[in-house]
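First up is the structure itself, then whatever we jot down about it.
The values are calculated or read from the model by the stated rules, or taken from the named source; none is laboratory data. It should be emphasised that the depicted structure is a prediction, and the values quoted were computed from it without experimental measurement. Cβ placement follows ideal geometry from the backbone for every residue including glycine, while neighbour counts extend to all protein chains displayed.
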Amino acid sequence: MNRVDYLRVSLIDRCNFRCSYCMPEEDEIKYMMTEDILTDREILFLFESVFIPLGFAKFRLTGGEPLLRPNLVELVRKISQLSGVKDLSLTTNGYFLDRLALPLFQAGLRRINISLDSLDPLVFYKITGRNHWQRVWEGILTAHAVGFDPLKLNVVVMPGVNEKEVLDLAALTIDRHWHIRFIEFMPIGNTTYFDRIGWVDSAVLRKSINDRFGLQEGFCLGNGPADVFQIPGAKGTLGFISQMSECFCERCNRLRLSANGWLRPCLLNETGELNLQALLRTQPDPQILQNAVTNLLEAKALIHFQDRERGYKDKTYHRTMSQIGG
């Protein structure tokens, strides 16, 4: 198994968008109670006393929408100052970046991923359920001006929705030092919608872009599983995250910590999760917590979506993408 040294930390399960690939269509989502969410102090304790001593050095803050987290800038500042944190990044929908990009940069954050699933405000509204395209775009421009580098834009490609925009989105990398990440749609956030429309294979997208612009191998700093390419002469890069069509389990280097402290060994596998919050609040001994995480790492299974569909016993995803933290 690949060395696991990367932790994705969900800071909050709430979001001010309702993206069709992330949240279910039916019913209201049951959000976590405030008292169930890990406090700043608990998060910092887990970083400093558990994960960093176990060799974790790369961390990404996610949600929900992490910029909704109270006192976020100060939390980022404290995390970035911890000895052993070699890389700290954040994923956001961009809505609050017009006012938070600079404070976050000044607090020590240097890498950021922003969701931008369409360049068309009408399609953006269809996907996110919100009429906020212009504000997100302004947030992207603000983050770029502040100095975030690399600045990555995440695009979940959905057939019949935004797949025709792939060439226009790819073209953003030609004159800007931006890095587009095309992500295959997964069934975790909205199974009903996924079953209805399916996903677009990354190989199809690569061929389309190659036919129009040409493609060559590229490089961009990051910890994810993207296969990175570049339009010849472009300032930025194109990445393809192909969790549906291409198994990359052997490259997996991460665990996921939910906002209420459940440590998840695999995005696709809900078995073997560790209730780290319960352990933290009853037995806050660093060694006990480290041993529990070590045991989880040793039991971390390789399970690809297609294998799961063929033979895995429980095919139900009990948490949405927004509740897991992506």
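Data table
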| item | result |
| --- | --- |
| Selected residue (only one of Phe17, Phe59 is within 23 Å of Asn253 (Cβ to Cβ) and aromatic (Phe, Trp, Tyr)) | Phe59 |
| Ser208, sole failed condition from (1) out of contact with any helix residue (DSSP H, G or I) (no Cβ under 7 Å at 6 or more places or on another chain); (2) of a type outside the set (Phe, Trp, Tyr); (3) surrounded by fewer than 21 Cβ atoms within 10 Å (Cβ to Cβ); (4) in a helix (DSSP H, G or I) | (1) |
| Pairs with Cβ under 9 Å, 6+ apart, first in the stretch 160-171 and over 12 Å from Ile231 (Cβ atoms) and at pLDDT 95 or above, second assigned to a helix (DSSP H, G or I) and among the charged types (D, E, K, R) | Asn162/Lys126 |
| Members of the stretch 210-249 that are within 19 Å of the chain's Cα centre (by Cα) and acidic (Asp, Glu) | Asp227, Glu246 |
| Residue pairs meeting the criteria (Cβ under 8 Å; at least 6 apart or on separate chains; first assigned to a helix (DSSP H, G or I), in the stretch 275-293; second loosely packed, with under 14 Cβ neighbours inside 10 Å and charged (D, E, K, R)) | Gln277/Asp36 |
| Among residues of the stretch 129-151, those that are closer than 19 Å to Asn16 by Cβ and modelled with pLDDT of 95 or more, counted | 13 |
| Filtered residue count, the stretch 159-186, keeping only those that are part of a loop (DSSP other than H, G, I, E, B), crowded, with 21+ Cβ neighbours inside 10 Å and not aromatic (Phe, Trp, Tyr) | 2 |
| Residue match in the stretch 13-25 (condition: touching an Asp or Glu at 6+ places or on another chain (Cβ under 8 Å), of a type outside the set (D, E, K, R) and either surrounded by fewer than 18 Cβ atoms within 10 Å (Cβ to Cβ) or within 21 Å of Gly261 (Cβ to Cβ) (or both)) | yes |
| Residue in the stretch 117-134 that is without any contact (Cβ under 8 Å) to a residue 12 or more places away in the chain and of a type in the set (Phe, Trp, Tyr) present | yes |
| Matching residues in the stretch 218-260 - criterion: being under 21 Å from Val157 (Cβ atoms) and either among the hydroxyl-bearing types (Ser, Thr, Tyr) or assigned to a strand (DSSP E or B) (or both) | Asp227, Val228, Phe229, Gln230, Thr237, Leu238, Gly239, Phe240, Ile241, Ser242, Ser245 |
| Unmet criterion (only one of (1) in a helix (DSSP H, G or I); (2) modelled with pLDDT under 95) for Pro24 | (1) |
| Residues being more than 18 Å from Leu46 (Cα to Cα), out of contact with any strand residue (DSSP E or B) (no Cβ under 9 Å at 6 or more places or on another chain) and surrounded by 13 or more Cβ atoms within 10 Å (Cβ to Cβ) - total across the stretch 65-87 | 2 |
| Qualifying residue in the stretch 231-240 (condition: touching a Lys or Arg at 6+ places or on another chain (Cβ under 8 Å), modelled with pLDDT under 95 and of a type outside the set (Asp, Glu)) | no |
| Evaluation of Val85 against (1) farther than 23 Å from Leu221 by Cα; (2) hydrophobic (A, V, I, L, M, F, W, C); (3) in a loop (DSSP other than H, G, I, E, B) (one fails), failing number | (1) |
